[in-house]
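*Asks:* I'd like to ask some things about the structure below.
A short reminder: the numbers here are calculations on the coordinates, not readings from a lab. Just so it is clear, the structure is predicted and the values come from calculations on it, not from any experiment. Please note: Cβ atoms are built from the backbone with ideal geometry, for glycine as well, and neighbour counts cover all protein chains shown.
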Amino acid sequence: MQTHFTATQLQDPGIAEADTILRTCVHYGFCTNTCPTYVLTRDENESPRGRIDLIRAMLERGGVPDAKTVAHLDSCLSCLSCMTTCAVKVDYAHLIDRARVHIEQHFNRGLTDRLMRALLATVLPRPRLFLALLSAGRLAKPLAALLPGRLRVLLTMIPARITPDVLTSQVFPAEGTRRYRVALLAGCAQQALDGDINAATIRLLRRHGCEVVIAPESGCCGSLPLHMGREADAKGYARANVAAWMREQAVGLDAIIVNASGCGTTVKDYGHLLGDDDARRIAALTKDVSEFLADIGLQAGHLPAYRVAYHDPCSMQHGQKVIEQPRALLRAAGLRVVDVPERHFCCGSAGTYNLLQPAMAKQLGERKAAHIVSTDPDIIATGNIGCMTQLAHHLGRPVVHTVELFDWATGGPRPAALDSVTLREPAPEIQTDSAPAANAGFW
């Protein structure tokens, strides 16, 4: 692709980066058929290829973008499925982030949209504040039908079951001999919505010889504000985490464990976001909990061979390329893993997407739910709190985190979310469902 930025524009590092990325795109179009918004609309401007053209024109022109361009870029999920299929590996992730920063700085949104975005950017990174509003929202939920559209969406997405547990900075000693020392990113929204995830993670890691540290002054990874174009806020959260974990690294850290894949993708990209050596060191230490367990080996354990429909979070399969590890661990735990059809497709959660783009998110959620139901699962599992919330909403049944199943298989309690589920006696397995390898290409 040709670009026409001026020499003055290219002095801006953000524009210079965008120019480099734009020039790599050759418009093959493989990305279009794996883009959820294009598949649903068949609108070229709702495809990665179309959006790349819109971004080029917007950044070259500079100043205030037009409303149609903003609408098409807002509707991008940042699922990164396009990056998995792109023949020339266009760095779309950083390009769309750069576009969102430009929109945030130059476009005057309507009052309702501004207030909604400010609310989400303020509340979600602060688990105690989020929990307080969740509690108020649960009381108001019966009145949702009487409220304006945006507020109605917020209330309807509040899960029927929340198990909050906001962790303070502390150290959890290893059980038996300490083999590893790891820091755990406790998350923000996850702590308010489902504290069982961190509890299972900590039990599991301790059982495997890990001392688990919740570092003082660590918090939100910055992903949510970053994908709303609030780059300064995202960098502030990232710097705080880097400083907190570098203090722990001075004592010794074997890994930084993340159990929300959307956060993991962002933390692994801190080197790019902040551009300094400490950030790169932290990024290199970061692992999804399933990656870490695959590296050190899951203790012997055996659950009945329940059928587990495993949903790949986009941030895990496309952002981090962590595909086989969760499946291998589930199988090692004795479970039968069944892949969900059209597994490269986003479920519609995508951070704050299901709150800001509810119509498209609803179509994607219903589509994913239908595919999951078609697998006839006993248990539905995934590795990201946003996906869990979205899927449970559209399925009308519980979704558990994979780490809760790993914990259960190695001596922990049965996931509390399954208390309302009657699990069938597993049938004798005739043929093992195979999972594609991480390097198997497009499915």
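*Asks:* Name every cysteine in the chain that ends up alone, with no second cysteine's Cβ under 4.7 Å, or say none.
*Replies:* Cys25, Cys35, Cys76, Cys86, Cys210, Cys347, Cys387
*Asks:* Any idea what angle helix 92-106 forms with the longest principal axis of the chain, computed on alpha-carbon atoms, 0 to 90 degrees, nearest 10?
*Replies:* Taking Cα atoms only, the helix is inclined about 60 degrees.
*Asks:* Specify the angular offset, from 0 to 90 degrees and rounded to the nearest 10, of the alpha carbon long axis of helix 231-251 from the longest principal axis of the alpha carbons in the chain.
*Replies:* 40
*Asks:* What residue among Leu418, Leu330, Leu355 has the largest mean-square fluctuation in a Gaussian network model of the chain, using Cα springs under 10 Å?
*Replies:* Leu418
*Asks:* Checking the table Lys89/Lys268; Lys89/Lys287; Lys235/Lys268; Lys321/Lys362 against a 21 Å threshold on Cα-Cα, which pairs fail? Display every interim value, and only then the final one.
*Replies:* Values: Lys89/Lys268 18 Å; Lys89/Lys287 23 Å; Lys235/Lys268 14 Å; Lys321/Lys362 26 Å.
Where the Cα-Cα span goes over 21 Å, the pairs concerned are Lys89/Lys287; Lys321/Lys362.
*Asks:* What value, in deg cm²/dmol to 500, does the helix sum -39500 (n - 2.57) over DSSP H runs of n ≥ 4 give at 222 nm once divided by the residues of the chain?
*Replies:* Values: 22 runs with 216 residues, N = 443.
Calculated from helices alone, the mean residue ellipticity at 222 nm is -14000 deg cm²/dmol.
*Asks:* Lys and Arg at +1, Asp and Glu at -1: add these up for the other residues within a Cβ distance under 14 Å of Gly264 and post the number. Before the final figure, lay out each step's value.
*Replies:* Numbers: positive: Lys268, Lys287, Lys321; negative: Asp269, Asp288, Glu291, Asp312.
Around Gly264, the charge tally is -1.
*Asks:* So, one more: For Met83, Met316, what's the fewest-to-most ordering of other Cβ within 10 Å of each Cβ? List each step's numbers first, then the result.
*Replies:* Details: Met83 17, Met316 27.
Placing the least packed residue first, the sequence is Met83, Met316.
*Asks:* If contacts are Cα pairs under 8 angstrom and at least 6 residues apart, what is the relative contact order of the chain in percent? All intermediate terms of the calculation are to be shown ahead of the outcome.
*Replies:* Details: 740 pairs, mean separation 60.8, N = 443.
Reported relative contact order: 14 percent.
*Asks:* Order 244-257, 195-208 from most to least packed using the mean count of other Cβ atoms within 10 Å. Write down the numbers at each step before the final one.
*Replies:* Numbers: 244-257: 17.9, 195-208: 22.5.
Order by mean packing, descending: 195-208, 244-257.
*Asks:* Report relative contact order for the range 9-106 in percent, whole number only (criteria: Cα-Cα under 8 Å, sequence separation at least 6). Before the final figure, lay out the partial values.
*Replies:* Numbers: 98 pairs, mean separation 33.7, N = 98.
Rounded, it is 34 percent for the range 9-106.
*Asks:* Then there is this: Counting only the backbone N, which residues of the range 1-34 are under 20 Å from the spot 7 Å out from the Cα of Glu44 toward its beta-carbon?
*Replies:* It comes to 1-4, 22-34, nothing else.
*Asks:* Can you tell me the length gained on complete extension of the stretch Thr122 to Leu10, counting 0.36 nm per residue apart and subtracting the Cα distance? Please report the intermediate quantities before stating the final value.
*Replies:* Working: separation 112, 0.36 × 112 = 40.32 nm, distance 3.26 nm.
Extra length from Thr122 to Leu10 when fully extended: 37.1 nm.
*Asks:* Run the reach check for Lys68 against lysines, Cα to Cα strictly under 18 Å, same-chain hits fewer than 8 apart removed. What comes back?
*Replies:* Cross-link targets: none qualify.
*Asks:* Pull up the DSSP beta bridges for the chain and report the antiparallel fraction as a percent, rounded to 5.
*Replies:* Values: 3 of 24 bridges.
Of the beta bridges lying entirely in the chain, close to 10 percent run antiparallel.
*Asks:* In whole angstrom, how far apart do the alpha carbon centroids of the range 91-127 and the range 1-34 sit?
*Replies:* So the separation of the two Cα centres works out to 21 Å.
*Asks:* Once you've got the GNM for the chain with C-alpha springs shorter than 10 Å, pick whichever of Gly236, Gly348, Gly187 has the biggest mean-square fluctuation.
*Replies:* So, out of Gly236, Gly348, Gly187, the one fluctuating most is Gly236.
*Asks:* Any chance you could give the angle, 0 to 90 degrees and rounded to 10, that helix 13-24 forms with the longest Cα principal axis of the chain?
*Replies:* For helix 13-24, the angle is close to 80 degrees.
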